[in-house]
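For reference, the structure is listed below as structure tokens.
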Amino acid sequence: MQETHRKILSAAAVLVVLAAVASLVFLSSPKGPSITVASTTSTENSGLFGYLLPIFMTETGINVRVVAVGTGQAIRMAMKGDADVLLVHHRASEEKFVNEGYGVERTALMHNDFVIVGPASDPAGIKGTEDPADALRRIRSSRATFVSRGDDSGTHKRELGLWKALGSLPRNDDADWYRESGAGQGATLNIASEVDGYCLSDRATWVKFANKRNLEILVQGDPQLLNPYSLILVSKQKHPHVRTAEGQQFIDWLTSEHGQELIAAYRVDGQQLFFPDALEAAKE
Amino acid sequence: MDEFSNASRTALHLLAEMHPDLIEIVLLSLRVSLSAVVLAALLALPLGAFVALKPFPGRRGIVILMNALMSLPPVVVGLVIYLLLSRTGPFGVTGLLFTPAAMIIAQCVLVFPIIAALTRQTVFDLHEEYDEYLRSLGAGTWQKITTLLWDGRARLLTGILAGFGRAIAEVGAVIIVGGNIVHSTRVMTTTIALETSKGDLGMALGLGIILVLIAVVVNTAVVTIGGSASRRTL
Amino acid sequence: MRLQHDMLPLVVSHVSYRVDGKAIIEEVSFAINDPGLTVLLGPNGAGKSSLLKLCHGLLPPSSGSIRWGDADARTARQKQAMVFQRPVLLRRSAAENIDHALKLRGASAAERAGVIEESLAWAGLGDVANMPARKLSGGEQQSLTIARAWALNPEVLLLDEPTANLDPSATRRVENLIRSFAATGRKIIMATHNIAQARRLADEVLFMNHGRLLEHAPAERFMGGPSNPLAARFIAGELVE
């Protein structure tokens with residue numbers, strides 16, 4: 001009886017080991033071709049990828065794996081060779097990436113816009129202001145709470161650009177009203193809604209954001225708030241393992257008439273979040 | 001309170017209808033964490049026992065290190081494994097970054113010291129008691145190890161379950177090495193982080209409830225095993 | 001029946017055992033030539049337990065030598081079994097405890113099954129074969145360790161105060177097992193501080209105090225009147241320091 005007991009036990013142990021090894025192997029082998037896209041959080045959080053990628057998968061059989069991080073981190077990821085395609089929204093960083101030889105070329109994909117949101121009570125009185133720089137100036141002078149991404153993302157870089165246009169970046173002694181969340185757009189909006197603060201957000205994340213509470217859009221529509229997204233294929237010269245063919249296929253598909261129509265057709269709560277740019281850009 | 005009740009309603013709804021996304025995420029979490037714990041146990045049990053039984057130079061240092069590593073910060077583990085598995089890192093060619101395998105490795109690293117340290121302590125204590133009996137019968141090292149591990153099974157299982165609890169509740173490491181990719185590396189904790197950041201608290205809370213339930217089940221198991229073991233054999 | 005003993009004589013010559021410079025056993029020499037039950041008698045702390053463990057090869061002597069027939073203590077251990085004062089029982093059933101010991105001594109599965117049943121029956125433990133060993137009563141636990149030793153069919157059995165922690169009825173039970181063991185003609189060496197027990201069981205007595213061997217005599221002569229004055233006081237029931 002002891003012997004059978006032992007045998008069952010060792011059999012069970014062997015099974016568990018096999019299962020563990022099998023799950024390692026099985027879990028790590030994707031079915032069919034796949035590419036990794038390093039992307040900004042807004043495209044993922046807005047649900048755009050959730051809508052586009054299954055269609056792309058059906059049409060091409062290519063599985064797209066999206067790692068959604070801030071623009072800065074996405075670019076560093078791609079520089080280390082951990083992504084095949086980059087989808088980001090900060091022109092200067094993108095051009096630097098391509099010029100340094102990490103990317104093949106920048107392709108305009110689409111745009112949406114940034115909005116400045118804040119509490120309905122609007123303590124800094126920015127509602128109706130057209131110039132976003134003017135709005136920030138009022139926030140600064142009234143020392144009303146402003147929540148910054150502070151995470152080197154595209155939106156963060158854009159916000160810093162706006163402050164810089166005002167003459168200087170917020171400094172350490174501004175810490176009483178200028179808060180850096182160091183987090184993604186959604187997390188930052190959560191904080192803003194919690195402390196009744198102002199915040200710069202891309203429109204897509206804002207529309208999809210479910211915890212708005214007192215927050216509403218206070219400033220929008222200025223050309224300075226335009227938010228263009230581009231695609232960059234990571235260069236095979238720098239990282240020979242990059243899946244260039246599938247990556248290029250993904251870029252071509254998104255920038256095709258078909259892909260652009262799909263982007264334009266994406267709606268959240270009846271609202272269009274992204275506006276295609278690729279066909280326009282290709283004409284120039 | 002209104003948000004909380006809204007979120008709870010959504011959460012219960014998702015649980016009640018067994019939403020496929022939810023199920024997929026829960027299953028992936030279980031698979032990743034179970035694999036990690038099994039792998040960690042396979043390595044840590046013999047190693048912990050070996051350290052307990054065999055004196056060698058630097059053993060004290062190893063013991064201190066094992067105990068210290070129990071509180072290894074997950075984000076640091078995540079970062080280090082990220083750097084190792086990155087394409088430009090030493091193990092880049094394996095292509096494991098942003099796969100469940102990478103998450104298993106990270107959790108394995110987190111859980112290993114817990115199981116190893118507990119194994120060492122358990123085997124050490126039992127060995128104090130069994131040493132003369134085992135030597136009287138001329139047991140070899142391997143026979144000693146298997147005897148002590150088997151007789152320490154109740155405590156070891158408790159430690160393994162504690163390790164599983166740490167693995168499945170951990171977010172810092174898996175979000176870095178897994179990348180939180182939909183249908184691929186999105187597990188309960190990373191989804192909770194993501195959904196919370198999207199302000200979608202229902203899904204987050206639904207998964208939170210499942211995590212808490214798992215914690216309750218695991219701890220009940222720990223108590224039951226400990227209790228029945230002490231009633232029957234200890 | 002009388003077994004062929006290649007373990008005897010046991011020759012202990014000039015054995016000392018020190019821990020951190022403190023002598024536990026000092027210059028002990030004796031020879032045991034005959035089978036039967038030798039009692040190692042003396043007050044607590046006399047060094048009986050250490051001497052047994054030295055003989056069993058569990059402790060290395062600091063100086064001197066121990067021979068069992070042609071073998072040294074460590075080699076001889078393979079044909080011996082030892083029972084400790086606090087029963088060392090695995091966290092398993094009674095039957096599995098015996099199985100484990102047999103397996104360590106290399107018995108095949110087929111051999112083991114029969115021996116386990118036989119030895120449990122011998123010790124009157126048939127009913128509790130599948131009980132967790134550590135849930136048995138004190139007397140049953142020590143009976144089980146003796147049954148486990150019996151299952152190994154050793155040429156020598158070493159017992160270290162096997163009844164020190166037991167009540168009278170459990171002591172009787174264990175003593176009966178020891179007698180039954182001795183009846184097979186095996187060599188038994190038992191440490192005890194209990195004079196009455198030595199009287200009941202011993203064929204031969206080694207009297208120890210403070211790590212030294214003070215007297216070695218047949219039991220009858222020793223109990224009738226030991227030549228060592230300390231031993232005389234001890235069997236008279238005085239407190240010996």
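The values are calculated or read from the model by the stated rules, or taken from the named source; none is laboratory data. Computed from a predicted model, the values in this text were never measured in an experiment. As a convention, Cβ positions derive from the backbone with ideal geometry for all residues, glycine included, and neighbour counts pool all protein chains shown.
Among the residues of the range B:54-83 satisfying the criterion of being part of a helix (DSSP H, G or I) and in contact with a Leu (Cβ under 8 Å, 6 or more places away or on another chain), which is nearest to B:Leu157 (Cα to Cα)? Even if it seems obvious, please write down each step before you answer.
Restricting attention to the range B:54-83, the residues satisfying the condition of being part of a helix (DSSP H, G or I) are B:59-69, B:74-83.
This time we only want the ones that are in contact with a Leu (Cβ under 8 Å, 6 or more places away or on another chain), so: B:74, B:77, B:82.
Working: B:Pro74: 22, B:Val77: 24, B:Tyr82: 30 Å.
Among those residues, the one meeting the criterion is B:Pro74.
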Next on the checklist: For the range A:153-201, give me each residue that is at positive phi and without any contact (Cβ under 8 Å) to a residue 40 or more places away in the chain.
Outcome noted: A:Gly167, A:Gly182
Next on the checklist: Among the residues that make up the range C:54-61, is at least one of them among the aliphatic types (A, V, I, L, M), assigned to a loop (DSSP other than H, G, I, E, B), surrounded by fewer than 22 Cβ atoms within 10 Å (Cβ to Cβ) and touching a helix residue (DSSP H, G or I) at 6+ places or on another chain (Cβ under 6 Å)?
Outcome noted: yes
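Conditions (1) more than 10 Å from every other protein chain (Cβ to nearest Cβ); (2) modelled with pLDDT of 90 or more; (3) more than 16 Å from A:Ser148 (Cα to Cα), marked per residue:
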{"position": "A:Gln185", "(1), (2), (3)": "no, no, no"}
{"position": "A:Leu189", "(1), (2), (3)": "no, yes, no"}
{"position": "A:Glu194", "(1), (2), (3)": "yes, no, no"}
{"position": "A:Gln220", "(1), (2), (3)": "yes, yes, yes"}
{"position": "A:Leu226", "(1), (2), (3)": "yes, yes, yes"}
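Select from the range B:84-108 the residues that are part of a helix (DSSP H, G or I) and surrounded by 20 or more Cβ atoms within 10 Å (Cβ to Cβ) and list them in ascending order.
Let us first name the residues in the range B:84-108 that are part of a helix (DSSP H, G or I), namely B:84-85, B:92-94, B:100-108.
Within the range B:84-108, B:Leu85, B:Pro100, B:Ala101, B:Ala102, B:Met103, B:Ile104, B:Ile105, B:Ala106, B:Gln107, B:Cys108 meet the criteria.
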Checklist entry - For the range A:41-55, does any single residue satisfy the condition of being away from chain B (no Cβ under 14 Å) and surrounded by fewer than 19 Cβ atoms within 10 Å (Cβ to Cβ)? => result yes
Checklist entry - If you take the residues of the range B:128-144 that are under 31 Å from the mean Cα position of the chain (by Cα) and within 7 Å of chain C (Cβ to nearest Cβ), which of them is nearest to C:Asp99 (Cα to Cα)? => result B:Gln143
Checklist entry - Does the range B:54-63 contain at least one residue that is more than 13 Å from chain A (Cβ to nearest Cβ) and touching a Gly at 6+ places or on another chain (Cβ under 8 Å)? => result no
Checklist entry - Can you name every residue in the range C:63-115 that is part of a loop (DSSP other than H, G, I, E, B) and within 11 Å of chain B (Cβ to nearest Cβ)? => result C:Phe84, C:Gln85, C:Arg86, C:Pro87, C:Val88, C:Leu89, C:Leu90, C:Arg91, C:Arg92, C:Arg105, C:Gly106
Checklist entry - So, of the residues in the range A:83-105 that are assigned to a loop (DSSP other than H, G, I, E, B) and surrounded by 24 or more Cβ atoms within 10 Å (Cβ to Cβ), which turns out to be farthest from the other protein chains (Cβ to nearest Cβ)? => result A:His90
Item to check | Residue check for A:Glu44: part of a helix (DSSP H, G or I) and under 11 Å from the mean Cα position of the chain (by Cα) | outcome: yes
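Identify all residues within the range B:64-106 that are more than 14 Å from chain A (Cβ to nearest Cβ) and of a type in the set (Ser, Thr, Tyr); write none if there are none. Full working, then the answer.
Of the range B:64-106, the ones more than 14 Å from chain A (Cβ to nearest Cβ) are B:64-74, B:76-77, B:80.
Matches in the range B:64-106: B:Ser71 only.
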Next on the checklist: Return the residues of the range B:151-183 that are within 10 Å of another protein chain (Cβ to nearest Cβ), surrounded by fewer than 19 Cβ atoms within 10 Å (Cβ to Cβ) and more than 14 Å from B:Ala41 (Cα to Cα); say none if nothing qualifies.
Outcome noted: B:His183
